[in-house]
Each structure stands twice: as C-alpha cells, then as structure tokens.
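Colleague: Dropping the structure in here first, questions after.
The values are calculated or read from the model by the stated rules, or taken from the named source; none is laboratory data. Source: prediction; values computed, not measured. Cβ coordinates were reconstructed from backbone atoms using ideal geometry, including for glycine residues, and neighbour counts include every protein chain displayed. In case anyone asks, the SASA skips ligands and DNA or RNA and just uses the protein heavy atoms, side chains included. Shrake-Rupley method; radii C 1.70, N 1.55, O 1.52, S 1.80 Å.
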Amino acid sequence: MKLLVIEDERMLCDTIAKSLHHAGYEVDCCYDGAEALERLLIEQYDLIVLDLHLPGMDGMEVLERLRQTDAETKVLILSARSQVADKVAGLDAGANDYLEKPFHLQELAARVRSLTRRQFIQQSTALVCGGISFDTRTRETLVNGKEIRLTRKEKGILEYLLLHQGRPISQEELMEHVWDGSVDAFSNSIRVHISALRKKLKAELNYDPITNKVGEGYRIGGEWK
C-alpha cells in the first residue's frame with residue numbers, strides 16, 4: 001500500500017513516514033501544499049495523511065481540489081486545529097478521518113489500517129482468502145494456520161491482492177501501490193517477487209492461489225471470466 005504524507009514540519013513528516021514504513025507501507029513525503037497537489041495529479045496513492053497548515057497551498061484547499069477529480073482516495077487529516085467546527089469542515093470537504101495534534105504514532109497507524117480496510121466492511125485486522133490469512137497489524141502471514149516467512153515486498157503484494165481479491169491486478173497497478181518511485185517500469189523485479197511469493201504459498205497449499213492471464217494481470221480468489 002502506498003501512502004503520501006503531506007506535512008510542513010520536516011522532522012515530524014519524516015518521523016511519520018519512517019513509522020508507517022516500518023509498519024509495512026511504502027511512503028512518500030511532501031512538505032508543501034502546491035507541490036503535493038501536483039504530485040497527486042500524476043501519482044496514485046491508497047491513502048493521504050494531510051496536515052492543514054501548509055505553505056504554498058492550505059491543506060483544506062488541497063483536499064477540496066483533490067475531491068474535484070478523486071472521490072475514492074482515503075484522506076486522514078492531521079491538525080492542531082481542535083475546534084469542532086474545524087473537524088466538521090474537514091470531514092465535509094471530503095476527509096475520511098481527523099486526528100488532532102499531538103498524537104501517538106501507534107494511533108495514527110491504527111487509523112491508517114482502519115481506513116485502508118474500510119471499503120471492504122471488515123472488522124478484523126486479518127485479510128482472508130481460502131487458507132491464507134494476512135494480519136494487517138502484525139504483518140504475519142498464516143497458511144492453513146502455519147506462519148510462513150515473506151519478504152517485505154512479498155507481503156506488500158499479498159496484502160494488495162487480498163484487499164482486491166477477485167479482481168485482476170495489472171503489473172502496473174502493483175508497481176504504483178507496492179513499489180516506491182525508484183522502480184523502473186521495465187524492471188523484472190515485480191515478476192521475481194511474485195514468482196517467489198507464489199512458490200511459498202503453493203508449497204503450503206499444494207496449489208497456486210495466485211493466477212494470472214496475459215494482458216489482464218494477477219488475481220487471488222474468484223474466477224476468470
């Protein structure tokens with residue numbers, strides 16, 4: 001899952017990014033509102049952590065401009081503005097959650113997990129498909145009740161496929177949501193990691209739960225039409 005943290009306090013922004021990266025997310029940082037909006041127009045993110053007090057362009061304006069073309073991307077506002085009116089304004093402008101400063105990094109991570117799961121109406125922290133269970137909090141993967149060891153990228157791929165199970169996911173989409181901007185579009189890295197993940201899952205399940213079709217992508221769960 002790929003996140004964008006927009007916060008003008010560089011030390012705080014970098015601390016948040018480091019904490020979320022440690023929790024298993026790919027994270028980009030931005031310290032300016034206008035620059036953030038430009039980035040949002042050309043890149044896709046699963047969730048945005050947005051401060052309201054920003055140079056270049058106020059966070060509320062960034063949110064309002066984003067919602068003109070994108071109603072789906074989750075937005076979590078971070079702000080020292082604690083008045084009820086400020087929270088109402090942020091939520092009415094299209095934010096999905098609002099967290100007051102100061103805050104605990106553990107609470108921020110929990111809210112991020114909640115927002116990324118919310119579209120699936122799922123209360124548990126675990127994503128499940130057949131005998132596979134991936135806990136989005138602990139980052140542990142169980143196959144038929146047995147924990148298997150996956151690399152960071154393998155976990156990212158499995159999590160994204162499970163979040164969108166039943167739908168084909170293209171290599172380009174995985175690149176946008178599981179890799180950071182440093183990966184080359186023509187790199188063989190994605191195929192290598194997917195191949196390794198499939199081998200580990202197949203070894204425990206005795207079948208390959210991830211299928212692919214040329215021109216459509218990879219899928220876990222459901223059937224090809």
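Matching residues to (1) touching a Phe, Trp or Tyr at 6+ places or on another chain (Cβ under 9 Å); (2) farther than 27 Å from Arg139 by Cα:
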position	(1), (2)
Glu7	yes, no
Cys13	yes, no
Ile16	no, no
Met57	no, yes
Val62	no, yes
Val84	no, yes
Gly90	yes, yes
Gly94	no, yes
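Colleague: Something else about it: I want to confirm something. Restricting to region 142-156 and keeping residues that are of a type in the set (A, V, I, L, M) and either open to solvent by 70 Å² or more (accessible area, probe 1.4 Å) or farther than 13 Å from Pro209 by Cα (or both), which single residue is nearest to the chain's Cα centre (by Cα)? Break it down into steps so the answer makes sense when it comes.
Modeller: Filtering region 142-156 for residues of a type in the set (A, V, I, L, M) gives 142-143, 148, 150.
Still in the running and either open to solvent by 70 Å² or more (accessible area, probe 1.4 Å) or farther than 13 Å from Pro209 by Cα (or both): 142, 148, 150.
Details: Leu142: 21, Ile148: 22, Leu150: 18 Å.
Out of the qualifying residues, it is Leu150.
Colleague: Right, another one. Taking only pairs six or more apart or across chains, which ones have beta-carbon atoms under 7 Å, a first residue in region 85-112 that is in contact (Cβ under 8 Å) with a residue 40 or more places away in the chain, and a second residue that is open to solvent by less than 60 Å² (accessible area, probe 1.4 Å) and of a type in the set (S, T, N, Q)?
Modeller: Within 7 Å, the pairs are Leu105/Ser19; Ala109/Ser19.
Colleague: Let me ask you something else. Taking region 54-99, which residues are outside any helix (DSSP H, G or I), under 17 Å from Leu115 (Cα atoms) and open to solvent by 60 Å² or more (accessible area, probe 1.4 Å)?
Modeller: Within region 54-99, Ala71, Glu72 qualify.
Colleague: Find the residue count for region 193-207, including only residues that are over 18 Å from Thr151 (Cβ atoms) and not aromatic (Phe, Trp, Tyr). Talk me through it step by step, then tell me what you get.
Modeller: The initial filter retains those residues of region 193-207 that are over 18 Å from Thr151 (Cβ atoms), namely 205-207.
Going one step further and asking which of them are not aromatic (Phe, Trp, Tyr), we end up with 205-206.
The total comes to 2.
Colleague: If you check Arg167, Arg139, which single one turns out to be open to solvent by 40 Å² or more (accessible area, probe 1.4 Å) and part of a loop (DSSP other than H, G, I, E, B)?
Modeller: Values: Arg139 fails: open to solvent by 40 Å² or more (accessible area, probe 1.4 Å).
Residue meeting the stated conditions: Arg167.
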